[in-house]
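Participant: Pasting a structure below so you can have a look.
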Amino acid sequence: MSAVTKVLVRYFASARAAAGIDQESLELPTGATVADALGAVRARHPEGIPRILDAASFLVDGIAVRDPSRPLPDEAELDVLPPFAGG
């Protein structure tokens, strides 16, 4: 077991525009949670992304996450999905 958890963060729609990139890799301490990953994203992109994250939904490996204290598995994909217009 490694001492880090690698997470691929993928940005969609306005989150992509705010971050200025499509995706990025994070290395977090083993046992890191969704909240830890989002904290790292906020620190990397302090200008536009925090307000997007406040309203966004998140998927971990394609499964909706409602609890930010959920631990992230190594090599997880964390999708940031801002609210979409329409119904």
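Participant: If a residue has to be in a loop (DSSP other than H, G, I, E, B), among the aliphatic types (A, V, I, L, M) and out of contact with any strand residue (DSSP E or B) (no Cβ under 7 Å at 6 or more places or on another chain) to count, how many in segment 4-24 make the cut?
Facilitator: Residues that pass the stated criteria total 1.
Participant: Among (1) assigned to a strand (DSSP E or B); (2) in contact (Cβ under 8 Å) with a residue 40 or more places away in the chain; (3) among the acidic types (Asp, Glu), there is one condition Glu27 misses while meeting the rest; what is its number?
Facilitator: (2)
Participant: Pairs under 6 Å by beta carbon, first residue over 14 Å from Ala55 (Cβ atoms) and among the charged types (D, E, K, R) in segment 8-21, partner buried (at least 17 other Cβ atoms within 10 Å of the Cβ) and modelled with pLDDT of 95 or more, six or more apart or different chains?
Facilitator: Qualifying pairs under 6 Å: Arg10/Asp79.
Participant: Just a yes or no: is a residue in segment 40-51 assigned to a loop (DSSP other than H, G, I, E, B), open to solvent by less than 50 Å² (accessible area, probe 1.4 Å), small (Gly, Ala, Ser) and at pLDDT 95 or above?
Facilitator: For segment 40-51, residues assigned to a loop (DSSP other than H, G, I, E, B), open to solvent by less than 50 Å² (accessible area, probe 1.4 Å), small (Gly, Ala, Ser) and at pLDDT 95 or above: absent.
Participant: Pro71 versus (1) crowded, with 17+ Cβ neighbours inside 10 Å; (2) touching a residue at least 40 places away in the same chain (Cβ under 8 Å); (3) not aliphatic (A, V, I, L, M): which is the lone unmet condition?
Facilitator: Among (1) crowded, with 17+ Cβ neighbours inside 10 Å; (2) touching a residue at least 40 places away in the same chain (Cβ under 8 Å); (3) not aliphatic (A, V, I, L, M), Pro71 violates only (1).
Participant: Further question on the same structure: Please enumerate the residues belonging to segment 1-39 that are open to solvent by less than 30 Å² (accessible area, probe 1.4 Å) and either touching a Ser or Thr at 6+ places or on another chain (Cβ under 9 Å) or closer than 17 Å to Asp74 by Cα (or both).
Facilitator: Selection gives Thr5, Val7, Val9, Glu24, Leu26, Leu28, Ala32, Thr33, Val34, Ala37, Leu38.
The values are calculated or read from the model by the stated rules, or taken from the named source; none is laboratory data. Keep in mind that what you see is a predicted model, and the values were worked out from it rather than measured. Glycine also receives a Cβ, built like all others from the backbone with ideal geometry; neighbour counts cover every protein chain displayed. To get the accessible areas, we keep the full protein, side chains included, count just its heavy atoms, and leave off ligands, DNA and RNA. Shrake-Rupley method; radii C 1.70, N 1.55, O 1.52, S 1.80 Å.
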